[in-house]
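Asker: One structure, as structure tokens, below. Some questions next.
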Amino acid sequence: MKRNKLLLSAIVAATLITGGVMYAADHIDTPAVTGQSTDITDVYVFQGQNTGNLVFVANTQGLLAPGSTAAAKFDENTVIEFNIDNTGDAIEDLVIQCKYDAASNSMQVYGPIMPSEKGTRSKLEGNITASVAVTAYGAGSPVVVTGVSGVTVFAGPRDDPFYFDLTQYSKVIAGTATGFLPKLPVGTPVGTAGFADDTFRGTNVLSLVVEVPKSLLGAQTSGTFTNKVNVWVETKKKI
């Protein structure tokens, strides 16, 4: 079967040192893709509860209001691709590719696998390693599936975990404030003076979570896996 090539649409980058947590965010910064299925808001990578695993998270389609979240869908013509560099040369050695299948309303995961093409063009590589039904908005519990080689996946709407005071940021940029305010303590009423206001409070994202055994992330043809990997996420449209 012919694999359609995919063209890069948007990119977010993060760097991970195993055992730590690193993330990158891109909210309301890319007008060309804001509100589209290709819009990446965050990427997170961290060690799993099982310390032998790494968890990869890509959030897309940010600023979803609760009233519009139920209708939000992953795009069957967009692949979300985690790129993994395990040799330190800033070139992907492995990819985890995630494609939505509208007919079954499921997210299909390929990899981690060495890509035959690198950079802004890709094609789906290998076979499906895990497939999970997309969790519906408001569902009582998330649908999580473990597939081949211990690859576990979740896909569906989630509250946006990113915390940022955009109003205070604008004041800092304008020179009318000297710094950020402290995060609102748990239990403190929203709007309490002297604390940051979370601009993204009450908004949702479509979230994709893939947990992978570290043993699947080692160097493939050259280099040595030193427990340090670079990770970036791309959304790629079918052409």
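The values are calculated or read from the model by the stated rules, or taken from the named source; none is laboratory data. Here the structure is a predicted model, which means the values were calculated and not measured. Cβ coordinates were reconstructed from backbone atoms using ideal geometry, including for glycine residues, and neighbour counts include every protein chain displayed.
Asker: From the residues in the stretch 201-217 that are crowded, with 16+ Cβ neighbours inside 10 Å and of a type in the set (D, E, K, R), which one is farthest from GLN49 (Cα to Cα)?
Answerer: Restricting to residues being crowded, with 16+ Cβ neighbours inside 10 Å and of a type in the set (D, E, K, R), the top hit is LYS214.
Asker: Could you list, in sequence order, all residues of the stretch 137-165 that are farther than 24 Å from VAL231 by Cα, in contact (Cβ under 8 Å) with a residue 40 or more places away in the chain and loosely packed, with under 14 Cβ neighbours inside 10 Å?
Answerer: GLY138, the sole residue that qualifies.
Asker: Let me ask something else about it. Taking the stretch 42-68 as the search range and keeping residues that are farther than 17 Å from MET107 by Cβ and β-branched (Val, Ile, Thr), which one is farthest from the chain's Cα centre (by Cα)?
Answerer: THR51
Asker: From the residues in the stretch 166-200 that are of a type in the set (Phe, Trp, Tyr) and either in contact with a Phe, Trp or Tyr (Cβ under 9 Å, 6 or more places away or on another chain) or closer than 30 Å to ILE96 by Cα (or both), which one is surrounded by the most Cβ atoms within 10 Å (Cβ to Cβ)?
Answerer: My answer is PHE200.
Asker: For the subset of the stretch 69-87 comprising residues that are closer than 21 Å to PRO213 by Cβ and surrounded by fewer than 22 Cβ atoms within 10 Å (Cβ to Cβ), which member is modelled with the lowest pLDDT?
Answerer: Out of the qualifying residues, it is THR87.
Asker: Restricting attention to the stretch 103-116, report how many residues are assigned to a loop (DSSP other than H, G, I, E, B) and either touching a residue at least 12 places away in the same chain (Cβ under 8 Å) or touching a strand residue (DSSP E or B) at 6+ places or on another chain (Cβ under 6 Å) (or both). Working first, answer last.
Answerer: Narrowing the stretch 103-116 to residues assigned to a loop (DSSP other than H, G, I, E, B): 103-105, 114-116.
With either touching a residue at least 12 places away in the same chain (Cβ under 8 Å) or touching a strand residue (DSSP E or B) at 6+ places or on another chain (Cβ under 6 Å) (or both) added as a condition, the list becomes 104-105, 114-115.
Number satisfying all stated conditions: 4.
Asker: Between THR152, THR120, THR146, THR135, which is over 17 Å from PHE56 (Cβ atoms) and modelled with pLDDT of 95 or more?
Answerer: Going through THR152, THR120, THR146, THR135 in turn, just one is over 17 Å from PHE56 (Cβ atoms) and modelled with pLDDT of 95 or more: THR135.
Asker: When only residues in the stretch 37-68 that are farther than 18 Å from PHE200 by Cβ and assigned to a loop (DSSP other than H, G, I, E, B) count, which is modelled with the lowest pLDDT?
Answerer: Going through the qualifying residues, I end up with SER37.
Asker: Here's another thing I want to ask about it. Counting just the residues of the stretch 88-118 that are under 18 Å from the mean Cα position of the chain (by Cα) and of a type in the set (Gly, Ala, Ser), which one comes out surrounded by the most Cβ atoms within 10 Å (Cβ to Cβ)?
Answerer: GLY111
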